[in-house]
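The values are calculated or read from the model by the stated rules, or taken from the named source; none is laboratory data. Just so we're clear, the structure is a prediction, and the values are computed from it rather than from any experiment. Cβ placement follows ideal geometry from the backbone for every residue including glycine, while neighbour counts extend to all protein chains displayed.
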Amino acid sequence: MLRALLVDDEPSANFWLSDLIQEVEGIEVVGAVYSVAGAKAFLQRNIIDVVFLDYEMPSSRGSELIPVLGEKTCVVMVTAHDTFAVQAFEFGVVDYILKPVKRDRIKLAAERVRSFILAKKAESPSYDANPPVKGNRSPSPQDILWIEARRNESVFCDVRGNYSPALKSLSDWEIELDSIRFQRIGRSFILNVQTISSVTWKLSGTTQVHFFDSPAILKLKRHPAETLKQTLLESKMLTFTSNSQKNEDDSSWTTLKNLSDNGP
């Protein structure tokens, strides 16, 4: 059974959508809120499979919620405007529904969400292999390389390449950690940017992030990789060095090198 959260500033829209969803097998509404702030508070207490999200609300845009969601939480955008579709899919939404919503359209959206979840389960993780996860422990912040969301919990990787679970969300980590050192990268990662030694960024394929004095390698897909690139450029910690070579997929690549590196 898919667990759904409705986010729309108009109560009547949430009521209408809830009634339609009740007619679709295999999905249930477990909450309805009227703002991005309300959604964030709800998600801290509940595990959700899919968020039906209005794009434009008076206090904020629905897209502001997407970065704080775990990678396994799907987003179906529900809006009266067709002009935001391209941007919404760039954010990673699973479906885009125009109002007024029909029951058959909700049924199709639910099928797409199920397909997305099954595909995620079949995917290999962001690192090379399933890492051995040790018991819960309190890490020293300087030892953390990155933190990855796992629903409303998380797993962090330390400088030795060990992975450990933590009973807190990325939002919890953001409150605790230094916001300059630890940067949110998309929906699923917080990255200790001061530990990065180099990044091999590919226009297609997988970006690899390397760290000082650590065997760990973080692999990122396109959207989190683009977020990381922008973060590093804005921080002026790293700069680009270009290379005209092409990899086996015939996609150009660029390496980010630390400014303290005087090598070629």
Only residues that are under 14 Å from Pro141 (Cβ atoms) and either modelled with pLDDT of 90 or more or not in a loop (DSSP other than H, G, I, E, B) (or both): list them for region 165-177, please. Ala166, Asp172, Trp173, Glu174, Ile175, Glu176, Leu177
Test: residue in region 67-81 that is polar (S, T, N, Q), without any contact (Cβ under 8 Å) to a residue 40 or more places away in the chain and part of a helix (DSSP H, G or I): no
Residue, surrounded by the most Cβ atoms within 10 Å (Cβ to Cβ), within region 1-58, restricted to residues that are among the acidic types (Asp, Glu) and under 19 Å from the mean Cα position of the chain (by Cα): Asp54
If the requirement is being in the same structural domain as Leu218 (by TED's automatic domain parsing), farther than 17 Å from Leu228 by Cβ and of a type outside the set (Lys, Arg), which of these qualifies: Ser188, Ser171, Ser179? Ser171
Taking Ser63, is it among the hydroxyl-bearing types (Ser, Thr, Tyr), over 15 Å from Ala4 (Cα atoms), buried (at least 18 other Cβ atoms within 10 Å of the Cβ) and not assigned by TED's automatic domain parsing to the domain that holds Ile185? yes
Can you spot a residue in region 9-31 that is outside any loop (DSSP other than H, G, I, E, B), out of contact with any Ser or Thr (no Cβ under 9 Å at 6 or more places or on another chain), at pLDDT below 90 and not assigned by TED's automatic domain parsing to the domain that holds Leu167? no
Just checking, does region 144-158 include any residue being modelled with pLDDT of 90 or more and over 18 Å from the mean Cα position of the chain (by Cα)? yes
Cβ-Cβ under 6 Å, sequence separation 6+ or interchain: first residue in region 35-62 and among the hydrophobic types (A, V, I, L, M, F, W, C), partner surrounded by fewer than 17 Cβ atoms within 10 Å (Cβ to Cβ). Which pairs? Val36/Ser60; Val36/Glu64; Ile47/Arg151; Ile48/Arg3
